[in-house]
1. At 1.4 Å probe size, put 290, 170 in order of accessible surface, largest to smallest.
2. Using 0.36 nm per residue, how much length does the chain from residue 278 to residue 209 gain when fully extended, once their Cα-Cα distance is taken away?
3. Loop only per DSSP, at most 10 neighbouring Cβ atoms within 10 Å: give me the chymotrypsin sites (Phe, Trp or Tyr not before Pro) in segment 194-230, ordered by residue number.
4. How much accessible surface does residue 75 have with a 1.4 Å probe, in Å² rounded to 10?
5. Extension gain residue 172-residue 104, at 0.36 nm per residue separation less the Cα-Cα distance, in nm?
6. Along each of the three principal axes of the Cα atoms of segment 250-332, give the extent in whole Å, ordering the values from largest to smallest.
7. Excluding residue 217 itself, what net charge comes from residues whose Cβ is under 15 Å from its Cβ, given Lys and Arg +1 and Asp and Glu -1?
8. With +1 assigned to the C-beta of every Lys and Arg and -1 to the C-beta of every Asp and Glu, and no other charges, what is the dipole magnitude of segment 250-332 about the Cα centre in debye, to the nearest 20?
Amino acid sequence: MYELKTLLPQFDIKLPTCMYHLKNVSLAADPLASGSSTSATTSASTSSCKLEANWISKTGRNAATCALDLDSLGRQIQRLLKDDTASVAARQEKVLKQLEELKAQLGQIRAGLGVCGKTFQHTTAFQNGGLKEVPLQDVVINGHPNFIPYALLALKNAWRDLYTIDVKTFTHSTMADIGPAAREFEANLAKIPVNPALPKISVTLIWKNCEHTEMISSPTMYVPIYGEVNIIRYLGRVGPAEYRYEGSPLCNEIDLVLDICYQLLRCNTHKTQVAMVRLLDKRLQKQQYFGGSQMSVADIGVYSSLIRMPAITDKDLTPALLAWRKRAKLVVQI
């Protein structure tokens with residue numbers, strides 16, 4: 001082995017006293033090798049080279065012989081494990097006794113204060129992984145009369161027996177007149193009664209001179225959600241369980257259909273609009289609805305988008321899409 005030089009020989013290194021003292025497990029600590037049990041407490045500052053030289057001189061072995069003695073090492077390990085196990089067991093008994101005393105003291109304090117002795121009941125938030133449940137805030141939607149969010153009316157009709165969407169409409173000062181189409185939309189919303197026995201979300205629709213349909217879901221932070229398709233996604237997450245698609249195997253498929261609707265509403269030419277319709281036909285294939293055999297928020301998004309695109313006529317729709325529209329119309333009633 002290479003000879004190592006002693007570091008800082010002129011200083012007396014003082015070890016800290018705030019640390020646990022570890023027993024020496026080197027071969028020099030073996031009574032058979034050193035002839036003395038006091039070597040088990042050898043100072044931590046002694047170099048390993050000196051220990052090895054001391055062991056070789058006492059055992060009379062040649063320096064070329066391997067310094068590892070398995071028998072001696074095994075005896076050391078057994079002795080250390082036996083001693084440590086006994087000390088750990090003693091400490092454990094002491095800690096358990098202290099805990100029992102602390103429990104008795106807390107019981108006396110509780111009895112003196114008159115606190116109920118029932119065990120703690122886990123809340124729903126604890127069972128949901130620590131998520132805090134808060135009441136659902138009312139939402140505000142700013143929309144232009146030229147881009148009517150028909151999805152609100154479609155969802156209100158589709159959720160008639162499951163969930164209540166209470167929509168109240170107002171007109172912003174930036175709009176002189178909302179037009180006949182928006183007034184008809186308001187009248188159709190008012191025809192659907194509000195069922196107080198069902199879960200409800202209140203929606204305030206403001207006709208405003210804005211470029212995009214936007215929704216504000218927080219009364220304290222102005223964090224808008226842009227686009228009717230994304231509003232459908234939000235309502236689908238807070239609406240009835242039958243329309244929550246995040247746990248569905250068709251989750252990605254429904255999101256893809258909603259993305260196509262988002263692109264369709266932003267097409268500027270009839271050619272690109274027809275191309276988006278062809279993509280929708282490929283997603284529908286031979287299914288009854290875009291979400292499989294049941295109506296989903298994807299069908300709400302497609303139906304509302306087609307209403308907002310008057311340039312798309314029946315000639316642009318495939319037979320599968322025409323048959324789907326008839327089935328969806330029975331649900332959305334638009």
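1. Numbers: 290 0, 170 110 Å².
Output order, biggest surface exposure first: 170, 290.
2. Extra length from residue 278 to residue 209 when fully extended: 21.6 nm.
3. Answer by residue number: 222.
4. 100 Å²
5. 17.8 nm
6. The Cα atoms of segment 250-332 stretch 32, 24, 21 Å along their principal axes.
7. Values: positive: 233, 237; negative: 138, 214, 228.
Here the count lands on -1.
8. 260 debye
The values are calculated or read from the model by the stated rules, or taken from the named source; none is laboratory data. Given the structure is predicted, the values throughout are model-derived calculations rather than measurements. For neighbour counting, all protein chains shown are included, and Cβ atoms are generated from backbone atoms with ideal geometry for every residue, glycine included. Heads up: the accessible areas ignore ligands, DNA and RNA and are worked out on the full protein's heavy atoms, side chains in. Shrake-Rupley method; radii C 1.70, N 1.55, O 1.52, S 1.80 Å.
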